[in-house]
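Student: The structure is given below, and queries will be raised subsequently.
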Amino acid sequence: MDNKFIFVFGTLRKNNALNYVLKNCSYVVTTTLNGYKMYTNGLFPYIIPTTDKNKTVVGEIWKLPNGKKGIKKLKELDFIETGYKRKNIIITHDKIKYFVGIYIYENKEYVIKKYPEVISGDFNISIEELRTLKSFRRSYNISPMRFF
């Protein structure tokens, strides 16, 4: 199966800071990825696999131009070299199977210990979750606007 899609869940999503990187890609659908948890440092999200299949991450599937060659632009981003590892998986949405690339964070223990979980699994954090992150923002001196 040829990998022509990518699942993005944070700053690469529509209307977020790094979405411009996907300018030559085509948006397909917003969906969820089961069996993963999301954490954040307030600027970037991290997803890690979990055995809890009820945990989900909200993200978007994008079609890459020229299949795998379209991933070249993503590899130019600094964060790809800082602990994220590409993994190929199948996501089913409305009975359609997409063979997608996702970037998961390799150092699971570090993320779990250091950062709060995004309970909704959606990087576009809800007001309720933002309240729970109040002490985290204070301890790291992070402005609330960085969460959006």
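Student: Which one of 73, 85, 113 is loosely packed, with under 13 Cβ neighbours inside 10 Å, modelled with pLDDT under 90 and not in a loop (DSSP other than H, G, I, E, B)?
Tutor: Values: 73 fails: loosely packed, with under 13 Cβ neighbours inside 10 Å; 113 fails: modelled with pLDDT under 90.
Just a single option satisfies the conditions, and that option is 85.
Student: Given the residues 131, 146, which is the only one that is surrounded by fewer than 17 Cβ atoms within 10 Å (Cβ to Cβ) and at pLDDT below 55?
Tutor: None of the other options fit; the residue is 146.
The values are calculated or read from the model by the stated rules, or taken from the named source; none is laboratory data. On a predicted model such as this, the values are computed, not experimentally measured, just so you know. Backbone-built Cβ (ideal geometry, glycine too); neighbour counts: all protein chains shown.
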